[in-house]
1. Given the residues I289, I309, I322, I359, which is the only one that is buried (at least 18 other Cβ atoms within 10 Å of the Cβ), among the hydrophobic types (A, V, I, L, M, F, W, C), without any contact (Cβ under 8 Å) to a residue 40 or more places away in the chain and outside the structural domain of N99 (by TED's automatic domain parsing)?
2. From the list G206, G233, G238, exactly one residue is crowded, with 24+ Cβ neighbours inside 10 Å, farther than 30 Å from S104 by Cβ and either of a type outside the set (D, E) or in contact (Cβ under 8 Å) with a residue 60 or more places away in the chain (or both). Which is it?
3. Exactly one condition in (1) farther than 30 Å from T267 by Cα; (2) surrounded by 14 or more Cβ atoms within 10 Å (Cβ to Cβ); (3) of a type in the set (G, A, S) is not met by S160; state its number.
4. Quick one: what pairs do we get from the stretch 154-172, first residue modelled with pLDDT of 95 or more, second of a type in the set (V, I, T) and part of a helix (DSSP H, G or I), C-beta under 8 Å, 6+ apart or different chains?
5. List the helices (runs of 4 or more DSSP H) inside the stretch 53-131, counting only whole elements, that have at least 1 residues being acidic (D, E).
6. Select from the stretch 267-321 the residues that are more than 17 Å from the chain's Cα centre (by Cα) and of a type in the set (F, W, Y) and list them in ascending order.
Amino acid sequence: MDDVRIERMAETIARYSAKVGRGELVCIRGGVAAAPLIRSLYKTCLKLGAYPYTQVGLSGLDELFFRHAGKDQLSFVSPISKFEVGRVDVLISVLSETNTRHLSGVNPQKQAAASIARQPIMKAFMKRAAEYEKTGGKKGLRWTLTLFPTEAYAQDAEMSLREYEDFVFAACFADRAGGIRRWKNIDKRQREVIRYLKGRKVVEIGGKDTDLRVGIAGRPWINCAGTHNFPDGEIFTGPEETKIDGTIRYTFPACLSGREVEDVRLTFEKGRVVEASAEKNEKFLKSMIAMDKGASRVGEFAFGLNQGIQRFTKNTLFDEKIGGTLHLALGKGYPESGSKNNSALHWDMVCDLRRGGEILVDGRLFSKNGKMKI
């Protein structure tokens, strides 16, 4: 694909998101379908004086793994993966599925076993990522996750490939020049929202079949403005583990590992899911929540603030950023957000509050019908 938007996207990711520097070791991961963006990222990293290398995967390998792997293989973690996560300076991952349903027939217990086995890798990754934040970029690991438009994602979003390409590049501010400046403006606005939330204690969420209280006392808010997820446009925190009570209904499908769980309803008591139901794939929902002790608690609570993303596409990278929504992630939290919850699961579920939703923060109106009042 010969498209100037790909070059703009690569430039913004390398220079602004990942902040690639001279002499750094940069891993660029993605599928064959993402070749145009991987090439552009590789070229840009070379121009910046870095040492990039690529990991280009074939579609279908995950399906083969879960179909044929035995218990010992499900629990095996490659020493190469351990070495890599402890050595690279920058990790850029490009989502590029050609079939987003390829794991829909996989035994969820096998998926859970493999996720649990990879926990040491994830812990090492998060430790190095947190080290980068704590040291102001002097040490640790920088990472960016992005997406290259494919027919599969376009079909999920119920768009033509051309429509979906336009959607993706516009959401990434690659549709015209000046993308880095536009992301800096997003960063500035979200910092203002974080300043307002600093020191607050309780968020109350009301909407259709939703009445939920979330404790946030003493927990920091993290500004996501295009550095880790690309595109971006959210702020999140690690809510108080035992101070989430009430009910929430998700009118958007909750998507995970190629499965769509529709009309999810969760009831929380003292931070733990005590009731869970769904119109479709309820068994999968319950199996994931029962994965481990931390899977039934919330590791992340976030507000979607990107008004440039308004369409649900069945892809969390975009959907959790929709302006006027919020999302809670069951399972693992991020230490830099104050979360103490640990799990092999991290499942973002997006709640649409743009029609009839209301959010109060310490009793004051924060948002109504998806529009902020601050």
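1. Values: I289 fails: without any contact (Cβ under 8 Å) to a residue 40 or more places away in the chain; I309 fails: without any contact (Cβ under 8 Å) to a residue 40 or more places away in the chain; I359 fails: without any contact (Cβ under 8 Å) to a residue 40 or more places away in the chain.
Only one candidate qualifies: I322.
2. Selected residue: G238, the only one of G206, G233, G238 that is crowded, with 24+ Cβ neighbours inside 10 Å, farther than 30 Å from S104 by Cβ and either of a type outside the set (D, E) or in contact (Cβ under 8 Å) with a residue 60 or more places away in the chain (or both).
3. Failed condition: (2).
4. Going by the 8 Å Cβ cut-off, the qualifying pairs are C172/T12.
5. Details: elements: 61-68, 71-74, 79-87, 108-117.
It comes to 61-68, 71-74, 79-87.
6. Across the stretch 267-321, the qualifying residues are F268, F284.
The values are calculated or read from the model by the stated rules, or taken from the named source; none is laboratory data. Just so it is clear, the structure is predicted and the values come from calculations on it, not from any experiment. Don't worry about glycine lacking a Cβ; one is built from the backbone with ideal geometry, like all the others, and counts go over all protein chains shown.
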